[in-house]
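Undergrad: Sending over a structure as structure tokens; questions will come in a sec.
The values are calculated or read from the model by the stated rules, or taken from the named source; none is laboratory data. Note that the coordinates shown come from a computational prediction; the quantities given were computed from them, not determined experimentally. As a convention, Cβ positions derive from the backbone with ideal geometry for all residues, glycine included, and neighbour counts pool all protein chains shown. What goes into the accessible areas is simple: the full protein's heavy atoms, side chains included, and nothing from ligands, DNA or RNA. Shrake-Rupley method; radii C 1.70, N 1.55, O 1.52, S 1.80 Å.
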Amino acid sequence: MNNLAVLYKLQGEYARAELLYTKAVEIRRRMLGEKHPSTLISMNNLALLYLDQGKNAEAESLFTKVLEVRRRVLGEEHPSTLNSMNDLAVLYRAQNKYAQSERLLIRAVEIRRRVLGEEHPDTLESMYNLARLYFNEGRYGQAEPLYTKVLTVRRRILGEEHPDTRNALASLGEVRLQQGKYAESEPLLRDALNGQSKHSPESWQRYATQSMLGASLAAQAKFAEAEPLLVLGYQGLIQKKAAIPWENRSTFAQAGERIIQLYKDWGKPEKAA
């Protein structure tokens, strides 16, 4: 039941996932108890689903409970406890509680580096989430080196085709786009888009990357090449809007604004209007 709910969540079928997760939590609580590792896994998964749906109060209640139990039963440095710290920090980031998020992420990175090593996937995940926090705050100079480090290690350890590597490619391209480093962002976004088009062509991330690549080209006055990327990226995001996690919903509006900016810069005010 838990694993089928995971699949539904990945497919953006949140209502079906929530029914299964809620049932799994209820049964595991009753049969195994509140502190059982399997119960805590289902509670954490349900909280992650609430996070994607923007149900932040429900998510925070579950994340906080799971973290409290894991700290007490397993200890501060147990991998499951660190997972909970990381997930609660992501929720705080989505709520714009940046100081609380940063404290948890810095702590998670420090412990994971020491216990698991610099190149462990979990360490890299916390580094990536910390970089995302800095990006959201507009601290691009702090986000960029973290993204660069994560991408370098993921390329070497996981390979170019791994979805986590593609995410890091797109994120580094995005931060350079925001910094106005358009020529530097273009190859990163191209590589990310090529991988997404091959392995996850219907994902919302693919269309978001398509839009960002279009924005990078438009900023370099490559308007004819940028136009179809921007338009198709926006149309794809319209189709996938229900599957876009709550924290990333601004991606949709940004993609539309990029098309307007393209036509303004291209000298086509009628199309912009």
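Undergrad: Kindly list the residues of the range 33-74 that lie in the label zone of residue 3, defined by a backbone N under 19 Å from the point 7 Å along the Cα-to-C-beta vector.
TA: Counting only backbone N, you get 37-46.
Undergrad: Got the relative contact order for the range 79-214 handy, in percent, Cα pairs under 8 Å and 6 or more residues apart?
TA: Values: 142 pairs, mean separation 18.8, N = 136.
Value for the range 79-214: 14 percent.
Undergrad: Under a point spin-label approximation (7 Å from Cα along Cα-to-Cβ), what is the residue 106-residue 271 distance to one decimal in nm?
TA: In this crude spin-label approximation the distance works out to 4.7 nm.
Undergrad: While we're on this one: If you find the alpha carbon centre of the range 27-88 and of the range 197-273, how far apart are they in angstrom?
TA: Between the Cα centre of the range 27-88 and that of the range 197-273, the gap is 36 Å.
Undergrad: Then there's this: Full-extension gain between residue 38 and residue 78, please, as 0.36 nm times their residue separation minus the C-alpha to C-alpha distance.
TA: On the way: separation 40, 0.36 × 40 = 14.40 nm, distance 1.54 nm.
Length gained, residue 38 through residue 78: 12.9 nm.
Undergrad: Starting from the Cα gyration tensor of the range 102-162, take the square roots of the eigenvalues, sort them a ≥ b ≥ c, and report rounded, prolate or oblate (rounded when a/c is under 1.5, otherwise prolate if a/b is larger than b/c, else oblate). Please list the in-between numbers first.
TA: Numbers: a/c = 2.46, a/b = 1.18, b/c = 2.08.
Judged from the Cα gyration tensor, the range 102-162 comes out oblate (a/c at least 1.5, b/c at or above a/b).
Undergrad: What's the local net charge at residue 206, with K and R +1, D and E -1, over the other residues with C-beta under 10 Å away? Walk me through the numbers before you get to the answer.
TA: Values: positive: 166, 198, 240; negative: 202.
Charge balance near residue 206 sits at +2.
Undergrad: Still on this model: To the nearest 500 deg cm²/dmol, what mean residue ellipticity at 222 nm is calculated for the chain from DSSP H runs of n ≥ 4 alone, each contributing -39,500 (n - 2.57), summed and divided by the residues? Display every interim value, and only then the final one.
TA: Working: 14 runs with 219 residues, N = 273.
Using -39500 (n - 2.57) per qualifying helix, the result is -26500 deg cm²/dmol.
Undergrad: Order the following by accessible area, largest value first: 206, 166, 71. Probe radius 1.4 Å; ligands, DNA and RNA are ignored. Please list the in-between numbers first.
TA: On the way: 206 45, 166 20, 71 95 Å².
Most to least solvent-accessible, the answer reads 71, 206, 166.
Undergrad: Residue 135: net charge of surrounding residues, Cβ under 15 Å, Lys/Arg +1, Asp/Glu -1, itself excluded? Each step should come with its number before you reach the end.
TA: Details: positive: 93, 132, 139, 149, 176, 181; negative: 102, 137, 144, 174, 247.
That works out to +1.
Undergrad: Put a dot 7 Å past each Cα toward the Cβ at residue 156 and residue 118; how far apart are the dots in nm?
TA: Placing both labels 7 Å along Cα→Cβ, they lie 0.8 nm apart.
Undergrad: Find, to one decimal place in angstroms, the Kirkwood hydrodynamic radius of the range 149-251, where the mean of 1/r is taken over every pair of different Cα atoms and then inverted.
TA: Working: mean 1/r = 0.0734 Å⁻¹.
Here the Kirkwood hydrodynamic radius works out to 13.6 Å.
Undergrad: Hey, another quick one. Counting alpha carbon pairs within less than 8 Å and at least 6 residues apart, what relative contact order, in whole percent, applies to the chain?
TA: Working: 341 pairs, mean separation 29.4, N = 273.
RCO, the chain: 11 percent.
Undergrad: While we're on this one: Which residue, 44, 129, 194, has the most motion in a Gaussian network model of the chain that connects Cα atoms within less than 10 Å?
TA: Result for the chain, Cα springs under 10 Å: 194 fluctuates most.
Undergrad: Please label the shape of the range 1-103 as rounded, prolate or oblate, based on the square roots a ≥ b ≥ c of the eigenvalues of the alpha-carbon gyration tensor (a/c under 1.5 means rounded; beyond that, a/b larger than b/c means prolate, else oblate). Mind showing how you got there, number by number?
TA: Numbers: a/c = 2.08, a/b = 1.12, b/c = 1.85.
Here the range 1-103 falls in the oblate category.
Undergrad: By its C-alpha gyration tensor, with a ≥ b ≥ c as the square roots of the eigenvalues, how is the range 51-135 shaped: rounded for a/c under 1.5, else prolate for a/b larger than b/c, else oblate?
TA: Numbers: a/c = 2.12, a/b = 1.18, b/c = 1.79.
Cα axes put the range 51-135 in the oblate bin.
Undergrad: Select one label from [x] 13.1; [y] 14.4; [z] 15.2: the one whose number is mean projected area of the Cα convex hull in nm² as derived from the coordinates shown.
TA: Matching entry in [x] 13.1; [y] 14.4; [z] 15.2: [y].
Undergrad: Ok, one more. What is the distance, in nm, between label points placed 7 Å from the Cα along the Cα-to-Cβ direction at residue 264 and at residue 98?
TA: Inter-label distance under the simple model: 2.4 nm.
Undergrad: Quick check: net charge around residue 112, other residues with Cβ under 11 Å of its Cβ, Lys/Arg +1 and Asp/Glu -1?
TA: Working: positive: 107, 113, 114; negative: 77, 110, 118, 119, 122, 125.
Counting the neighbours of residue 112, the net charge comes to -3.
Undergrad: Between 108, 15, 192, find the one with the highest GNM mean-square fluctuation for the chain; connect C-alpha pairs within less than 10 Å.
TA: Among 108, 15, 192, the largest mean-square fluctuation in the Gaussian network model of the chain belongs to 15.
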